[in-house]
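Colleague: Mind having a look at this structure? Questions to follow.
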Amino acid sequence: MLWLLNPIVIFVTFIEGQFDIIPSFFLILAFYFTFSKNPYFTFLSLGIGAAYKFYPFLLVPVFILYFSRDIKKQILYLFLSLAPYTLSVIPFFNKDYLSFLSFSENYKMFQVGFQVGQFKMSYYFISYLLLIINMLRDKKIDFPKLAKYSFMFLSIYFVFSPGWFVQRALFIVPSLLLLSAFSKNIFKILILL
C-alpha cells in the first residue's frame, strides 16, 4: 500500500504514459465535491477523469443514486458526466476508433463468461448489474455507503480486468482510503496491505 502512495511511483507511472494518476485525482475530487454537497462539480469531475481512463464512469450510478432518486436530476447528472468524455472523443470518433475499442484490453473483460444460447454472458457485466440492483434496494445511500459501493464497483473492475497490473490497484485506493475512515477493520487491513 505504501508503494502505491509513494510519490516517485506515481510520478514514474505518469511519465511512462500511464495516466492512472489523473483520473484517480478526479475521482478524489469527485468524492470531495460529493462531501461538499456539490453534485454538478462531482459529475463534471467524474466525466473529466473518464476522458483519461474510462473507469470513473463505473461510479456514475453510485453517485447518481447518492444524490437523487428523481429521474430528471439523474438525467442531468448523467449528461454532466458524459459531456467532458464526449467532447474529448468527438475529434477521434470514426470507424477506426470503434474497431480500436473492440480490441482494447478493457473489451476483453466482457468476453470472459459463459454461453447462454447464442449470447455470451459476461461475468463482469453480471457482477456489475447485481451490484446496481443491490444499490437500488437501498432506500437511502449515505456517504459511508457511497464509499463502500465505490470500492465494490472498482474492485469488480480490478478483478475482471485482464492482467492485474499494479497501477490498476491505484483505481481502488481513493475509495479504500475513504472506506477505511469509516471502518476500523478496513483500516487495519489497509495497514497490513
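No lab work stands behind these numbers, since they all come straight from the coordinates. Keep in mind that this is a model prediction, so the values were computed, not measured. As a convention, Cβ positions derive from the backbone with ideal geometry for all residues, glycine included, and neighbour counts pool all protein chains shown.
Colleague: Any chance you could run the full-extension gain for residue 35 through residue 72? It's 0.36 nm times the residue separation minus the Cα-Cα distance, nm to one decimal. Could you put the intermediate results ahead of the total?
Modeller: Values: separation 37, 0.36 × 37 = 13.32 nm, distance 2.19 nm.
The span from residue 35 to residue 72 would gain 11.1 nm if fully extended.
Colleague: Of all trypsin sites (Lys or Arg not before Pro) in segment 46-75, which ones are in loop regions per DSSP and have a Cβ with at most 15 other Cβ atoms within 10 Å? Show your work: numbers first, answer last.
Modeller: Details: sites: 53, 69, 72, 73; in loops: 53, 69.
Sparse-neighbourhood loop trypsin sites (Lys or Arg not before Pro): 69.
Colleague: Hey, can you rank 175-182, 81-88, 150-157 by average C-beta count inside 10 Å, highest first?
Modeller: Values: 175-182: 18.9, 81-88: 17.0, 150-157: 21.1.
Put in order of decreasing packing, that is 150-157, 175-182, 81-88.
Colleague: Assuming 0.36 nm per residue, please report the length gained on full extension of the stretch residue 22 to residue 145 beyond their Cα-Cα distance. Walk me through the numbers on the way to the answer.
Modeller: Values: separation 123, 0.36 × 123 = 44.28 nm, distance 2.45 nm.
Using 0.36 nm per residue and subtracting the Cα-Cα distance, I get 41.8 nm.
Colleague: If you don't mind, another one. Express in nm, to one decimal, how much length is gained between residue 159 and residue 121 on full extension, taking 0.36 nm for each residue of separation and deducting their alpha carbon distance. Spell out each step's value before the answer.
Modeller: On the way: separation 38, 0.36 × 38 = 13.68 nm, distance 1.67 nm.
Between residue 159 and residue 121, full extension yields 12.0 nm more.
Colleague: Right, here's the next one. Once you've got the Cα coordinates, tell me which of 37/73; 37/140; 120/140; 120/145; 53/139; 53/140 are over 22 Å apart. Walk me through the intermediate numbers first.
Modeller: Values: 37/73 14 Å; 37/140 15 Å; 120/140 34 Å; 120/145 32 Å; 53/139 31 Å; 53/140 29 Å.
Beyond 22 Å: 120/140; 120/145; 53/139; 53/140.
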